[in-house]
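Peer 1: Just passing along the structure, written as structure tokens.
The values are calculated or read from the model by the stated rules, or taken from the named source; none is laboratory data. As the structure is a computational prediction, the values presented were derived from the model and not from experiment. Every residue, glycine among them, receives a Cβ derived from its backbone with ideal geometry; neighbour counts consider all protein chains shown. SASA here: full protein model, heavy atoms, side chains in, ligands and nucleic acids out. Shrake-Rupley method; radii C 1.70, N 1.55, O 1.52, S 1.80 Å.
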Amino acid sequence: QVQLVESGGGLVQAGGSLSLSCAASGRTISTYSVGWFRKAPGKEREFVAAISKTLFNTYYDDSVKGRFTISRDNAKNTVYLQMNSLKPEDTAVYYCAADARYFASVFESAYGYWGQGTQVTVSS
């Protein structure tokens, strides 16, 4: 099994940037497609971005397209989420998740392994 730990969250002003990391242990992250999801207070958890394990295909929710970038460094066993031009509505707990299949899903039900989450707060 793979264990995932997110880091890099914090408090930032609107328009600022944060870089989240999802570090894997137990198994190499190269064998997983990885997604980022977020849960804001009072809302359901929602898809943010995903990257496939082989072709590194990337997928984004429309709300973050052009502002967020997902990437992976298999040598470091880590997946990243670079978040630019942050907005107050991006405030949420951000989770990374891993799925052993080849393609990267936008559905949280596809992911079997989850981290504990990291808080991102964007002030206006």
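Peer 1: Test V120 against the stated conditions and say whether it is touching a helix residue (DSSP H, G or I) at 6+ places or on another chain (Cβ under 7 Å) and β-branched (V, I, T).
Peer 2: It is true that V120 is touching a helix residue (DSSP H, G or I) at 6+ places or on another chain (Cβ under 7 Å) and β-branched (V, I, T).
Peer 1: Continuing with this model, one more query. Sort out which residues of the stretch 6-45 are of a type outside the set (G, A, S), at pLDDT 95 or above, more than 11 Å from the chain's Cα centre (by Cα) and not in a loop (DSSP other than H, G, I, E, B), and write them in order of number.
Peer 2: L11, V12, Q13, L18, K39 - these are the residues of the stretch 6-45 that are of a type outside the set (G, A, S), at pLDDT 95 or above, more than 11 Å from the chain's Cα centre (by Cα) and not in a loop (DSSP other than H, G, I, E, B).
Peer 1: So which pairs qualify, if the first residue must be in the stretch 51-78 and over 15 Å from Y95 (Cα atoms), the second must be in a helix (DSSP H, G or I) and open to solvent by less than 30 Å² (accessible area, probe 1.4 Å), the Cβ gap must be under 6 Å, and the two must be at least 6 apart or on different chains?
Peer 2: N77/I29
Peer 1: Can V93 be described as touching a Gly at 6+ places or on another chain (Cβ under 6 Å), under 16 Å from G8 (Cα atoms) and open to solvent by less than 20 Å² (accessible area, probe 1.4 Å)?
Peer 2: Numbers: touching a Gly at 6+ places or on another chain (Cβ under 6 Å): yes; under 16 Å from G8 (Cα atoms): yes; open to solvent by less than 20 Å² (accessible area, probe 1.4 Å): no.
Here the answer is no, as V93 does not meet what is asked.
Peer 1: Additional query: In the stretch 9-18, is there at least one residue being among the small types (G, A, S), in contact with a strand residue (DSSP E or B) (Cβ under 8 Å, 6 or more places away or on another chain), exposed (fewer than 15 other Cβ atoms within 10 Å of the Cβ) and closer than 13 Å to V79 by Cβ?
Peer 2: no
Peer 1: Another question, then. Being modelled with pLDDT under 95, on the phi < 0 side of the Ramachandran plot and in contact with a Lys or Arg (Cβ under 7 Å, 6 or more places away or on another chain) is the filter here; which residues of the stretch 54-105 pass it?
Peer 2: Passing the criteria: only Y102.
Peer 1: If you don't mind, there's one more thing I want to ask. Counting only residues that are among the hydrophobic types (A, V, I, L, M, F, W, C), give me the strands (runs of 3 or more DSSP E) lying completely in the stretch 48-124 with at least 1 of them.
Peer 2: Filter on the stretch 48-124 gives 68-73, 78-83, 92-99, 118-123.
Results for (1) open to solvent by 50 Å² or more (accessible area, probe 1.4 Å); (2) within 19 Å of E108 (Cα to Cα); (3) not acidic (D, E), shown as yes or no for each residue.
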position: F37; (1), (2), (3): no, yes, yes
position: A40; (1), (2), (3): no, yes, yes
position: Y59; (1), (2), (3): yes, yes, yes
position: K65; (1), (2), (3): yes, yes, yes
position: I70; (1), (2), (3): no, yes, yes
position: T78; (1), (2), (3): no, no, yes
